[in-house]
Amino acid sequence: MRLAIILVGLLATGCAALKPGAEDAGVVTEIVAMAVDTLRSTADVQRERLSSTLDTLTSRSDDAARLRAGVLLATLPPPLRDEARAAALLQPIAARQPETPLAQFAGLFQARLAEHERGTEQLQERLRSAEKQAEALRGEVETLRTHERALAEREEALKRRGQVLQRGVAEREETVRRQTEALRESERTMAEREETVRRQIEALRETERSMSEREGRLGTKTR
């Protein structure tokens, strides 16, 4: 539809620029109106009208027929559009000398189409640049996600290692506690044994004293 707007603009300004009293001005007006109507039609109508126009061009290859076919080929949507063939049809008309109203229109039409093509190329270039930027951003996002996953995995590994270390420390503490309890129990046992030995020694000493006293009494009686 943007090309339809271009054609309407050509009809309003281009035709007004034609040589005053030019007898071909009506042909130009009819071509523009036909092209605009075709662009607004269904795909079937567009195919039929282009086919009819090309058939007419085969049987009558004058400037009007060439211009009509060139305008349709340049403005219809793909796959009907054939810009290379349209340029081949319009270029000889635009270069016609002396200049005729049809040549004027063909030149103006080519200039507007070239302007539109440049705008389209610039838009496509901006789109490609935006796509490259978007692709670069997607790459950066994917890199960040990879780093995030790596950090999460490392955090999980550290967490697991910490849990293992905590269990190890707890087990070691329990082992030390048990060893300490065992040592304390051993100390208590040794203390009890020492006390038993001490009492036995005291008993032996007491027995020895008793025996000494008894021997002393027996010696006295003997004398």
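The values are calculated or read from the model by the stated rules, or taken from the named source; none is laboratory data. Since the structure is predicted, the reported quantities are computational estimates derived from the model, not experimental observations. Note that we place each Cβ from the backbone using ideal geometry, even for glycine, and neighbour counts take in every protein chain shown.
Key figures for this structure:
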{"quantity": "Tabulated pairs, the range 19-44, first under 20 Å from Leu90 (Cβ atoms) and among the small types (Gly, Ala, Ser), second modelled with pLDDT under 80 and not in a helix (DSSP H, G or I), C-beta under 9 angstrom, 6+ apart or interchain", "calculated": "Ala25/Leu18; Ala25/Lys19"}
{"quantity": "Filter result for the condition that a residue is surrounded by 10 or more Cβ atoms within 10 Å (Cβ to Cβ) and either at pLDDT 90 or above or among the small types (Gly, Ala, Ser) (or both), over Glu171, Glu185, Glu194, Glu155", "calculated": "Glu155"}
{"quantity": "Hits in the range 98-134 (condition: surrounded by fewer than 16 Cβ atoms within 10 Å (Cβ to Cβ) and either hydroxyl-bearing (Ser, Thr, Tyr) or within 14 Å of Ile31 (Cβ to Cβ) (or both))", "calculated": "Thr120, Ser129"}
{"quantity": "Evaluation of Ala64 against (1) touching a residue at least 12 places away in the same chain (Cβ under 8 Å); (2) under 20 Å from Glu117 (Cβ atoms); (3) surrounded by 13 or more Cβ atoms within 10 Å (Cβ to Cβ) (one fails), failing number", "calculated": "(2)"}
{"quantity": "Residue check, Gly14 surrounded by fewer than 16 Cβ atoms within 10 Å (Cβ to Cβ) and either part of a helix (DSSP H, G or I) or modelled with pLDDT of 60 or more (or both)", "calculated": "no"}
{"quantity": "Criterion (surrounded by fewer than 18 Cβ atoms within 10 Å (Cβ to Cβ), among the small types (Gly, Ala, Ser) and under 20 Å from Val28 (Cα atoms)) met by exactly one of Ala74, Ala95, Ala84", "calculated": "Ala95"}
